[in-house]
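Working notes, beginning with the structure itself.
The values are calculated or read from the model by the stated rules, or taken from the named source; none is laboratory data. Please read these numbers as outputs of a predicted model, since none were measured by experiment. With ideal geometry, Cβ positions are generated from the backbone for all residues, glycine too; neighbour counts draw on all protein chains shown. These area figures cover heavy atoms from the full protein model, side chains too; ligands, DNA and RNA do not enter into them. Shrake-Rupley method; radii C 1.70, N 1.55, O 1.52, S 1.80 Å.
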Amino acid sequence: MNRRLFLFVFMLLCVPPALAARTLTFGVVPQQAAAELAETWSPFLAWLSARSGVELRFVTAPDIPTFEKRLAKGEYDLAYMNPYHYTVFHKKPGYQAMAREKDRKIKGILVVRKDSPIQDIHALAGAELIFPAPAAFAASILPRAALRKEGVSFKTRFVSSHDSVYLNIARGLYPAGGGITRTFDMIDPATRNELRVLWSTPAYTPHAIASHPRVPAAVRDRLLTALAGANVDPVGQKMLSLIGFKGIEPAADADWDDIRHLRITELDSL
């Protein structure tokens, strides 16, 4: 390959996927390792692409803070984001809710090793606890707020994903850490069997599937029609189960007013 051809191919590879013909990027919050997310979300997005006629490409980020920065810049055409993320990035750059998991509320949890003597959150006083990211809604913001409300002082360590939290606790490296029920249910059974849930939050509206304002209304409509079909299509149901969904339903911006009422300010600087 001559130098000029090499440079041409390199430039093509550097073009953001969203600029490629008929391809939209679908960003997924990195609650799990990228390889695991790709293994579950890519088949779902391939099915959705085939059903809707809208070409979708799975993308994620190395960690949740990076994902947040990319959302703030509007880098994803569509995204699956936590409920707090949605309330922030709906304001700017204007992501608009399309759908959410059907018949599910999100609950944050604190987990400990199954053999841990800790039976109450007050026993965590003075401990170093582990969380996925500062603005991980149910896995970090809510548990930390609850501990402070109870007067429990603690040190905080952040890692890259929910899975990292569970693995670190299972290995005995930290006494407790934050996650959510959905990712806890999806981890490897061998790891999950080493853990138990110490505490859980109230239930809130779950993650949003939302589109950037640049996505045309006609494209949104095609995607929504295809998503609705997942609930009754046998293959669609299988694809939903891969990403841990019981079903899927249309969503409206007001669905996340319960999150807005909490008046969280973690990402106000973005």
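Please indicate, with yes or no, whether at least one residue in the range 106-129 is touching a strand residue (DSSP E or B) at 6+ places or on another chain (Cβ under 7 Å) and within 17 Å of residue 28 (Cβ to Cβ). Looking through the range 106-129, at least one residue is touching a strand residue (DSSP E or B) at 6+ places or on another chain (Cβ under 7 Å) and within 17 Å of residue 28 (Cβ to Cβ). Criterion applied to 209, 169 was being in a helix (DSSP H, G or I) and among the β-branched types (Val, Ile, Thr), and the one residue passing it is 169.
The listed residues are 44, 10, 58, 89, and the only one of them that is aromatic (Phe, Trp, Tyr), open to solvent by 10 Å² or more (accessible area, probe 1.4 Å) and modelled with pLDDT of 95 or more turns out to be 58.
Restricting 171, 144, 148 to residues that are surrounded by 18 or more Cβ atoms within 10 Å (Cβ to Cβ) and free of Cβ contacts under 8 Å to residues at least 40 places away in the same chain narrows the list to 144. Every test in (1) of a type in the set (Gly, Ala, Ser); (2) over 21 Å from residue 24 (Cβ atoms); (3) at pLDDT 95 or above is passed by residue 160 save one, and that test is (3).
Restricted to the range 101-140, and to residues there that are more than 14 Å from the chain's Cα centre (by Cα) and part of a helix (DSSP H, G or I), the residue that is surrounded by the most Cβ atoms within 10 Å (Cβ to Cβ) is 124.
Output the residues belonging to the range 45-72 that are without any contact (Cβ under 8 Å) to a residue 60 or more places away in the chain and either closer than 20 Å to residue 223 by Cα or of a type in the set (A, V, I, L, M) (or both).
45, 46, 49, 50, 55, 56, 57, 58, 59, 60, 61, 71
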